[in-house]
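**Q** The following block contains the structure, expressed as structure tokens.
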Amino acid sequence: MGAWMNGRSSKATWDALRAMFGPFQLANVLMLLAILALVIFRPNIFDSGTYWSIALVAVLILAAGVLVAVGGGSRLKRLRESAQDDHQRLAQGLPLERDERLPPSKPRNNGQ
């Protein structure tokens with residue numbers, strides 16, 4: 001019996017899902033639903049009986065667009081903050097990576 005049947009899944013499974021949908025998972029799913037609604041309901045602008053499906057597709061597309069804009073804006077904000085931090089670290093003469101150790105001022109004496 002697979003792990004997915006027990007309600008458990010591995011980190012690799014979720015990583016694969018994220019890789020498949022990218023950073024805008026919910027927006028991609030909403031666009032997929034909008035496309036499916038278009039294919040299934042085939043709304044006609046001249047038929048008043050399908051106005052609800054036109055509105056549904058429009059709302060799904062707008063929601064996906066808002067999610068992409070908000071997600072992209074937050075990613076740009078994080079990128080800008082990271083760039084400012086990098087510039088400050090360079091101005092102070094520190095390495096860009098926080099985990100890097102500063103080079104020693106004198107070479108070590110290796111037991112000599």
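The values are calculated or read from the model by the stated rules, or taken from the named source; none is laboratory data. Since we're looking at a predicted model, the values are computed, not measured. So basically every Cβ, Gly included, is an ideal-geometry build from the backbone, and we count neighbours across all protein chains shown. Note: accessible area is taken over every heavy atom of the protein model, side chains too, but ligands, DNA and RNA are not part of it. Shrake-Rupley method; radii C 1.70, N 1.55, O 1.52, S 1.80 Å.
**Q** Take the residues in segment 47-100 that are hydrophobic (A, V, I, L, M, F, W, C) and in contact (Cβ under 8 Å) with a residue 12 or more places away in the chain, then tell me which one is farthest from Phe24 (Cα to Cα).
**A** As a first pass, look at segment 47-100 and keep what is hydrophobic (A, V, I, L, M, F, W, C): 52, 54-64, 66-70, 76, 79, 83, 90-91, 94, 96.
Those still in the list that are in contact (Cβ under 8 Å) with a residue 12 or more places away in the chain too: 56-57, 60-61, 63-64, 67-68.
Numbers: Leu56: 20, Val57: 18, Leu60: 14, Ile61: 13, Ala63: 12, Ala64: 9, Leu67: 8, Val68: 6 Å.
So, considering only residues that are hydrophobic (A, V, I, L, M, F, W, C) and in contact (Cβ under 8 Å) with a residue 12 or more places away in the chain, the one farthest from Phe24 (Cα to Cα) is Leu56.
**Q** Being out of contact with any helix residue (DSSP H, G or I) (no Cβ under 8 Å at 6 or more places or on another chain), modelled with pLDDT of 85 or more and open to solvent by 60 Å² or more (accessible area, probe 1.4 Å): is that true of Leu56 here? Show your work before the answer.
**A** Working: out of contact with any helix residue (DSSP H, G or I) (no Cβ under 8 Å at 6 or more places or on another chain): no; modelled with pLDDT of 85 or more: yes; open to solvent by 60 Å² or more (accessible area, probe 1.4 Å): yes.
No; evaluated as a whole, the condition is false for this residue.
**Q** Of (1) at pLDDT below 90; (2) surrounded by 14 or more Cβ atoms within 10 Å (Cβ to Cβ); (3) in a helix (DSSP H, G or I), Leu79 satisfies all except one. Which?
**A** (2)
**Q** Within segment 17-76, which residues are of a type outside the set (Val, Ile, Thr), in a loop (DSSP other than H, G, I, E, B) and more than 18 Å from the chain's Cα centre (by Cα)?
**A** So in segment 17-76, the residues of a type outside the set (Val, Ile, Thr) come out as 17-28, 30-34, 36-38, 41-44, 46-49, 51-53, 55-56, 58, 60, 62-65, 67, 69, 71-76.
Next cut, in a loop (DSSP other than H, G, I, E, B) only: 22-24, 42-44, 46-47.
Those that are of a type outside the set (Val, Ile, Thr), in a loop (DSSP other than H, G, I, E, B) and more than 18 Å from the chain's Cα centre (by Cα): Arg42, Pro43, Asn44, Phe46, Asp47.
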